[in-house]
Amino acid sequence: MTIERSLVIVKPDGVRRGQIGEVIRRIETKGYLIDALRMLAATDDQLREHYAEHEAKPFFLDLLEYMTDGPVVAMVIEGSGCIDGFRAMAGATNPTAAVPGSIRGDLGRDWGSGRIENVVHGSDSVASAEREIPIWFPELDS
Ligand code: DAT
Ligand code: MG
């Protein structure tokens, strides 16, 4: 059996609003393990790598600005099915559409800033998790 891991980030809006503990509480209550965790100021280089798939999108520079607005908390979570499991817990990308009960639905909203601020990131596939984890935790063995 292979252990599944996902990269979760509490984004600057979540950190600023005091939601680190609530996100961790939900992950731990769900039963996923936290393998690694750190608070850091994301660099432009890290974010360009992390969000490479969005480089050509019109919102890309806004996204970099949002993600460097303050510290983030990156973590690696572990558990069978945790990639899809955390995506379900996070809810839809747009916090207005994210259903109540989800992290984004409960903890996020549209602030009228013109950009999507949605509290958390979660890897969307095994390939994404394997690509993303070393960006934030270069010291971890894969
Ligand atoms: P998710 O974070 O749900 O995986 P994504 O990978 O499509 O969503 O996008 C990454 C981030 O980019 C997302 O959390 C917020 C921002 N974003 C996505 N689509 C956007 C859009 N249409 N307008 C503004 N920001 C957007
Ligand atoms: Mg994504």
In the set Leu37, Leu47, Leu63, which member is modelled with pLDDT of 95 or more, assigned to a strand (DSSP E or B) and surrounded by 15 or more Cβ atoms within 10 Å (Cβ to Cβ)? Leu37
Only one residue in Ala127, Ala90 is closer than 23 Å to Ala36 by Cα and crowded, with 22+ Cβ neighbours inside 10 Å, so which one is that? Ala90
Set Arg104, Arg115: member being in contact with a helix residue (DSSP H, G or I) (Cβ under 8 Å, 6 or more places away or on another chain), more than 18 Å from Glu4 (Cβ to Cβ), in contact (Cβ under 8 Å) with a residue 40 or more places away in the chain and within 16 Å of ligand 2 (Cβ to nearest atom): Arg115
Would you confirm, using the coordinates I've provided, whether Glu117 is at negative phi and surrounded by fewer than 17 Cβ atoms within 10 Å (Cβ to Cβ)? no
All but one of (1) in contact (Cβ under 8 Å) with a residue 12 or more places away in the chain; (2) within 16 Å of ligand 1 (Cβ to nearest atom) hold for Leu61; which doesn't? (1)
In this structure, does Gly18 turn out to be modelled with pLDDT of 95 or more, more than 11 Å from ligand 1 (Cβ to nearest atom) and assigned to a loop (DSSP other than H, G, I, E, B)? yes
Six or more apart or on different chains, Cβ under 7 Å: which pairs go from a residue in region 76-87 that's part of a strand (DSSP E or B) to one that's hydroxyl-bearing (Ser, Thr, Tyr) and within 16 Å of ligand 1 (Cβ to nearest atom)? Could you list them? Ile77/Ser6
Yes or no: region 129-140 includes at least one residue that is in contact with an Asp or Glu (Cβ under 7 Å, 6 or more places away or on another chain) and within 10 Å of ligand 1 (Cβ to nearest atom). no
If you take the residues in region 100-123 that are out of contact with any Asp or Glu (no Cβ under 9 Å at 6 or more places or on another chain) and part of a loop (DSSP other than H, G, I, E, B), which one is farthest from Gly70 (Cα to Cα)? Gly101
Give the residues of region 21-34 that are part of a helix (DSSP H, G or I) and without any contact (Cβ under 8 Å) to a residue 60 or more places away in the chain, sorted by residue number. Gly21, Ile24, Arg25, Glu28, Thr29, Lys30
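The values are calculated or read from the model by the stated rules, or taken from the named source; none is laboratory data. This is a predicted model, so every value here is computed, not measured. Note: ideal-geometry Cβ built from the backbone for every residue, glycine included; neighbour counts use all protein chains shown.
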